[in-house]
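Down below is the structure, laid out as structure tokens.
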Amino acid sequence: MADAQSADGTVGKALAVLDLVAGFGRPVRFAELQPLAPFPKATLYRFVQTLTNQGMLAFDPDHNTYSLGIRLVRLAHGAWQQSSLAPIAQAHLDALSLDLRETVHLAQLDHAQVLYVDKRNATKPLPMYSEAGKVGPAYCTGVGKAMLSCLPDDRVDNIIAQQSFHPFTPTTLTSPEALRAELADIKRDGHSFDREEHEPGIICVAVPIVSERGRLLGGLSVTSATTRTSLQDMAQHAPRLKQTARAIAQDVAAWRFPDQTALSAPTAAE
């Protein structure tokens, strides 16, 4: 991460500061940021002040704390409309949720993590980690593994190298070798499972959302609990999930979803 920040210069360092503030999940004092920042105190202070002046951070003088700024809300809303699958997939998620009456997740890859971009709760909601806007690990979530199974080998290698393989539960995959073996099965079957790998008692079946040209767009999952159903029963949802994923991909194509892996930054002449 430090190498990437160095290569990206000032912009990379400023974004690293935003990530630090966001990671606390609450207003944070400068003294709390300093031990975690990968650069000197004076540099950190300069970035914090610049980000505050630009509305990317907000300063509370009463408590001497910083939090994410309102400008980020506007940028996030624009990103949600332009780059997220959520607006396009909304009707499909509604129909799937109404039909299956279980929790439905829509996700995309954010570097080496799963970013949940939308969610529909079950008829009887279950307490679980995932919410729209949250990130989760790719190696032990059904939707994460489904998306990894569709990527080129070099990109899979890069993402696997960034996984912690922390054993959240007794069934968590804890090695690159175990994950690679399962990804081969997922590629063959076209769907993946979460076998209580991230949260005890929570299971799911998931599929990737892929364009006609084979580009990964995102992932779709149906989630339930072992107290309600079994993995065998959840597997019966796979055909419906695949059908919905194809429908979302078709709508994406009609909307001309930007190919972020192919687009390059415009030159000065453009």
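The values are calculated or read from the model by the stated rules, or taken from the named source; none is laboratory data. Small disclaimer: the values here were computed from a predicted structure and weren't measured. Please note: Cβ atoms are built from the backbone with ideal geometry, for glycine as well, and neighbour counts cover all protein chains shown.
Here is a check on your reading of the model: is R155 free of Cβ contacts under 8 Å to residues at least 12 places away in the same chain, out of contact with any strand residue (DSSP E or B) (no Cβ under 7 Å at 6 or more places or on another chain) and not in a loop (DSSP other than H, G, I, E, B)?
yes
Given the criterion assigned by TED's automatic domain parsing to the domain that holds L183, under 19 Å from P239 (Cα atoms) and among the acidic types (D, E), identify the matching residue among D118, D94, D154.
Within the list D118, D94, D154, the selection yields D94.
Can you name the condition, by its number, that T123 falls short on among (1) more than 20 Å from T229 (Cα to Cα); (2) out of contact with any strand residue (DSSP E or B) (no Cβ under 9 Å at 6 or more places or on another chain)?
So T123 meets the others, but not (1).
When you go through E197, E212 one by one, which is the residue that is of a type in the set (D, E) and closer than 23 Å to P127 by Cβ? Break it down into steps so the answer makes sense when it comes.
Numbers: E212 fails: closer than 23 Å to P127 by Cβ.
E197 is the lone residue from the list that is of a type in the set (D, E) and closer than 23 Å to P127 by Cβ.
Among the numbered criteria (1) of a type in the set (S, T, Y); (2) under 19 Å from Q236 (Cα atoms); (3) surrounded by 22 or more Cβ atoms within 10 Å (Cβ to Cβ), which one does T123 miss?
All conditions pass for T123, except number (3).
Quick check: anything in region 254-261 in a loop (DSSP other than H, G, I, E, B) and at pLDDT 95 or above?
No, that holds for no residue.
Within region 68-79, does at least one residue satisfy the condition of being farther than 30 Å from L33 by Cα and hydrophobic (A, V, I, L, M, F, W, C)? I'd like the intermediate steps shown before the answer.
Taking region 68-79 and keeping what is farther than 30 Å from L33 by Cα, we get none.
No, the conditions are met nowhere in region 68-79.
Could you tell me which numbered condition E102 fails, if it satisfies all but one of (1) surrounded by fewer than 16 Cβ atoms within 10 Å (Cβ to Cβ); (2) touching a His at 6+ places or on another chain (Cβ under 9 Å)?
So E102 meets the others, but not (1).
Pairs please, first residue from region 176-199 and free of Cβ contacts under 8 Å to residues at least 24 places away in the same chain, second anywhere and surrounded by fewer than 20 Cβ atoms within 10 Å (Cβ to Cβ) and not hydroxyl-bearing (S, T, Y), Cβ atoms under 6 Å, 6+ apart in sequence or on different chains.
P176/I160
Only one residue in P208, P200 is part of a loop (DSSP other than H, G, I, E, B) and at pLDDT 95 or above, so which one is that?
Answer to the selection: P200.
Output the residues belonging to region 158-208 that are surrounded by 15 or more Cβ atoms within 10 Å (Cβ to Cβ), out of contact with any Cys (no Cβ under 8 Å at 6 or more places or on another chain) and among the acidic types (D, E).
The answer is E182, E196, E199.
So, of the residues in region 211-229 that are surrounded by 20 or more Cβ atoms within 10 Å (Cβ to Cβ) and closer than 18 Å to A249 by Cβ, which turns out to be farthest from the chain's Cα centre (by Cα)?
V222
Restricting attention to region 100-128, and to residues there that are polar (S, T, N, Q) and assigned to a strand (DSSP E or B), which single residue is nearest to F193 (Cα to Cα)?
Filtering region 100-128 for residues that are polar (S, T, N, Q) and assigned to a strand (DSSP E or B), the one nearest to F193 (Cα to Cα) comes out as T103.
Select from region 160-192 the residues that are under 18 Å from S221 (Cβ atoms), touching a helix residue (DSSP H, G or I) at 6+ places or on another chain (Cβ under 7 Å) and part of a helix (DSSP H, G or I) and list them in ascending order.
Those that are under 18 Å from S221 (Cβ atoms), touching a helix residue (DSSP H, G or I) at 6+ places or on another chain (Cβ under 7 Å) and part of a helix (DSSP H, G or I): L179, E182, L183, I186.
Taking the options V17, V28, V11, V48, name whichever one is exposed (fewer than 14 other Cβ atoms within 10 Å of the Cβ) and either over 25 Å from the mean Cα position of the chain (by Cα) or of a type in the set (V, I, T) (or both).
Step by step, each of V17, V28, V11, V48 is checked, and only V11 is exposed (fewer than 14 other Cβ atoms within 10 Å of the Cβ) and either over 25 Å from the mean Cα position of the chain (by Cα) or of a type in the set (V, I, T) (or both).
Say we look at region 129-150 and pick out the residues that are buried (at least 18 other Cβ atoms within 10 Å of the Cβ) and in a loop (DSSP other than H, G, I, E, B); which of these is nearest to the chain's Cα centre (by Cα)?
Top of the filtered list is A138.
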